1. Counting DSSP beta bridges in the range 6-297, what percent are antiparallel, to the nearest 5?
2. If packing is taken as the average number of other Cβ atoms within 10 Å across a peptide's residues, how do 295-303, 30-38, 140-148 rank, most packed first?
3. Along the range 184-190, what does the Karplus equation 6.51 cos²θ - 1.76 cosθ + 1.60 (θ = phi - 60°) give for ³J(HN,Hα), rounded to whole Hz, x for Gly and Pro?
4. Quick one: which of 220-228, 20-28 comes out on top by average Cβ neighbours within 10 Å, and what's the full order, highest first?
5. Sort out for me the Cα centre separation of the range 58-108 from the range 137-183, rounded to whole Å.
6. Suppose every K and R has +1 on its Cβ and every D and E has -1 on its Cβ; what is the size of the dipole of the chain about the Cα centre, in Debye to the nearest 20?
7. Which whole-Hz couplings ³J(HN,Hα) result when phi for each residue of the range 11-19 is put into the Karplus expression 6.51 cos²θ - 1.76 cosθ + 1.60, θ = phi - 60°, listed in order with x for Gly and Pro?
8. Roughly how many debye, to the nearest 20, is the charge dipole of the range 119-174 about its Cα centre, given +1 on each Lys and Arg Cβ, -1 on each Asp and Glu Cβ, and no other charges?
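Throughout, read-outs are computed from the coordinates displayed, never taken from laboratory work. Since the structure is predicted, the reported quantities are computational estimates derived from the model, not experimental observations. Don't worry about glycine lacking a Cβ; one is built from the backbone with ideal geometry, like all the others, and counts go over all protein chains shown.
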Amino acid sequence: MRERACVREVGPRDGIQMVRTVLATERKLTWCRRAAKAGIREIEVTSFVPAKVVPQFGDAEAVARGAIALGGFTASALVPNLKGAARAIATGLPRINYVLSASEEHNLANVRRTTEESLADFGRIVALRNAAPGPRVTLGAGIATAFGCTIQGAVPEKRVIELAIRLAEAGADEVIVADTVGYGDPGQVRRIVGDITKAVGKLPVACHFHDTRGLGLANVTAAIEVGVRAFDASLAGLGGCPFAPGATGNIDTEDTVFLLEQLGFDTGVDLEALVALRHEVEAWLPGERFSGAIARAGLPKTYRRPGVAAP
Ligand code: ZN
């Protein structure tokens, strides 16, 4: 039995928040359905930001409800504030992911409030979640710009660890350490994420890396070394942040699955099915930049397919 590792598709959220094409709701749901069929078990399907800020997510409620109806995977959504959380919980989503920035300046640019104000908001979201009727909603808490910031520059490592502890104490079910702008390197990951995993005890820690400067998969390997077993990734390496100029590209889902499988983990994902979906998504998004090596070069003959015993 190989140990499980989870690759979470964030393409329908992070992947498309900066693209020129507003995807039809049906296409977003096709993306989810086929990713789930390929074995992806968690998908961040949308973001509950105001539609006037990011028109791509004007259909957030419809996508969330459609994704829940599809079944077969855990659908989640990004929520930037209490209002977004209330909207997301009202759709019946089983999981929501809140995010604040360790960089004060990024937080101010992103949600127009200080990081401390965002922490207080998280407390209100926990209370809202706890009071909501129905099954308990899982609450992820993301720390953006955990490895540096395009606006502020350096972000104190102590501050990132302190935020992780405070989010955990406030009621997060998981801490997500995010390299929003692709500044992180494996040494930082071992230090910061390693300290966080020790500080939060049994609480799961996930990582969200961008491959802006080519270190995305190296950072995954470093995070694996300190015990992380869940990673956000986007099909075709799509992704970016409206307030982090040049910060394109989440780590590519296909390459991340390939890496984890080669490291001996069971992702449960059928890579060929995922690559086929990627090509379809590429066709929906004319003029965008895509990345990823597996889709370009193909799987090696030596690749061991999930469920197929090694010879
Ligand atoms: Zn991101």
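1. Details: 2 of 36 bridges.
Antiparallel bridges make up about 5 percent of those DSSP assigns within the range 6-297.
2. Numbers: 295-303: 11.6, 30-38: 21.1, 140-148: 26.7.
Peptide ranking by packing, descending: 140-148, 30-38, 295-303.
3. x, 10, x, x, 4, 4, 4
4. Numbers: 220-228: 19.3, 20-28: 15.4.
Ranked from most to least packed, the peptides come out as 220-228, 20-28.
5. 17
6. Numbers: 36 positive and 34 negative charges, 109 e Å.
In debye, rounded to 20, the chain gives about 520.
7. So the J values, rounded to whole Hz, are x, x, 10, 4, x, 10, 6, 10, 6.
8. On the way: 6 positive and 6 negative charges, 25 e Å.
Value, rounded to 20: 120 debye.
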